[in-house]
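Asker: First, the structure itself, so that you have it in front of you.
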Amino acid sequence: MIAKTPFGVTVNGAAVDLYQLTNAQGMQVKIITYGGIITSIRVPDSFGNMANVVLGYPTLSDYERLSDPYFGALIGRYANRLAKGKFTLDGKEYQLSVNDGLNTLHGGKTGFDKVVWNAVSSAHGLTLSHRSPDGDNGFPGSLMVTVAYTLTDDNALHLEYSATTDQPTVVNLTNHAYFNLSGEGTRDIYDHILRINADHFTKSDSQLIPTGEIAPVECTALDFRVPKAIGTGVRSNDPQIVAARGYDHNWVLNQTEPPSLITAARLYDPHSGRILEVLTDQIGLQFYSGNFLTGVGYGSSGRSYRQSDGLALETQHYPDSPNRPEFPSTVLRPGETYRTTTIYKFSTVRA
Ligand code: GAL
């Protein structure tokens, strides 16, 4: 079931709507047309009590003014960082808008998180679309993007992304939901137990740009092959963790042959019994432990968020791939269709 209500008007005068998806089990997902932002996901705990398990803000004006965390937003044209805000494609260098020191983060100053998307709803979901013009934030080609959100009766939210272009370009789309399975604004996520299906990660420098080295997770704080509590490693002395102020890295997901949807991560909260599984066909996963949350503004239920009050699991291609020929390509050419799927699947277990 889908219900649509007005969510306000942007500073530029564009009307924004909120769509509420509800499935047969009573799970509810709220999405706004501004940034395609998932503002709320209400799922039961092991006793059936519902809570919102994603961070967000109460008003549109908060999302516009306090956009740094990218709560719940669609991210494009290029999720994560592009070094020095540049890349070269087919011999031509493109200068992008820079918004993270000298680098480009999450598509630049006015990425997809700040766009009011066109919406079409159906019985089980919502499809958002947007045409990003040639030269948008410096990226070449007119890019047509659609993102379909579908809520299924087994408590899974499917996100299916697709994009086409009229000129060669690069694309890397994701969603930036921050999860706290105890409930947004209730406690930190240090006790959450995480498993990441990856033997390797891309090492990064002090600006969180990949060095190019694909390193084993073995014997590092980034080893989540066996489930462990996030709190055990988030303050470790591992130089990778110190430089990022916590977890903020790209894991190289173990692939199947032939490639298919895999369970990239499984998150379990012993306090509520809630479980989140992230399934994807993407090759990378950024696990970000909310290190830059500084208590600015108030979240959906009136509490401010600080470091480790939520965590993001961003399915993606590796950061800075356009500048790293040794990484799998993110180039999209006319006639091709970029397609990727990520599923957030919720369940519970009695603690
Ligand atoms: C993450 C990124 C972090 C931070 C955050 C937004 O995807 O890895 O370094 O920039 O977005 O605040």
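Asker: Restricting the search to the range 252-271, which residues are in contact with a Ser or Thr (Cβ under 8 Å, 6 or more places away or on another chain) and not small (Gly, Ala, Ser)?
Answerer: Val252, Leu253, Leu261, Ile262, Asp269, His271
Asker: Looking at Arg225, is it out of contact with any Leu (no Cβ under 8 Å at 6 or more places or on another chain), among the charged types (D, E, K, R) and modelled with pLDDT under 95?
Answerer: Values: out of contact with any Leu (no Cβ under 8 Å at 6 or more places or on another chain): yes; among the charged types (D, E, K, R): yes; modelled with pLDDT under 95: no.
No.
Asker: Looking only at the range 120-139, count every residue that is within 12 Å of Thr164 (Cα to Cα) and either among the aliphatic types (A, V, I, L, M) or crowded, with 17+ Cβ neighbours inside 10 Å (or both) and tell me the total.
Answerer: Number of matching residues: 2.
Asker: Which residue, of Tyr34, Tyr94, Tyr78, is modelled with pLDDT of 95 or more and within 16 Å of the ligand (Cβ to nearest atom)?
Answerer: Values: Tyr34 fails: within 16 Å of the ligand (Cβ to nearest atom); Tyr94 fails: within 16 Å of the ligand (Cβ to nearest atom).
From the options Tyr34, Tyr94, Tyr78, the qualifying one is Tyr78.
Asker: Can you pull out the residues in the range 160-193 that are open to solvent by less than 40 Å² (accessible area, probe 1.4 Å), more than 16 Å from the ligand (Cβ to nearest atom) and in a strand (DSSP E or B)?
Answerer: Tyr161, Ser162, Ala163, Thr165, Thr169, Val170
Asker: Here's a follow-up. Just to be sure I understand the filter: pairs with C-beta atoms under 7 Å, separated by 6 or more residues or on different chains, first member in the range 88-115 and charged (D, E, K, R), second member away from the ligand (no atom under 11 Å from the Cβ). Which pairs pass?
Answerer: Hits for this filter: Asp90/Pro168; Glu93/Lys86; Lys109/Ser97; Lys109/Asn137; Asp113/Gly35; Asp113/Leu74; Lys114/Gly35.
Asker: I would also like to ask the following. Select from the range 311-339 the residues that are among the polar types (S, T, N, Q) and under 30 Å from Thr294 (Cα atoms) and write down the one among them that is nearest to the ligand (Cβ to nearest atom). Reasoning before the result, please.
Answerer: Taking the range 311-339 and keeping what is among the polar types (S, T, N, Q), we get 315-316, 321, 323, 329-330, 337.
Add one more test, that the residue is under 30 Å from Thr294 (Cα atoms), and what stays is 315-316, 321.
Working: Thr315: 11, Gln316: 9, Ser321: 15 Å.
The selected residue is Gln316.
Asker: Of all strands (runs of 3 or more DSSP E) completely enclosed by the range 206-309, which ones contain at least 3 residues that are away from the ligand (no atom under 16 Å from the Cβ) and open to solvent by 30 Å² or more (accessible area, probe 1.4 Å)? Explain how you work it out, then say what you get.
Answerer: Working: elements: 210-216, 248-253, 262-268, 274-280, 284-288.
It comes to 210-216, 262-268.
The values are calculated or read from the model by the stated rules, or taken from the named source; none is laboratory data. Computed from a prediction, not measured in an experiment: that's the story for all the values here. Ideal geometry is used to build each Cβ from the backbone, glycine not excepted, and the neighbour counts take in all protein chains shown. Areas reflect the complete protein model, heavy atoms only, side chains present, ligands, DNA and RNA absent. Shrake-Rupley method; radii C 1.70, N 1.55, O 1.52, S 1.80 Å.
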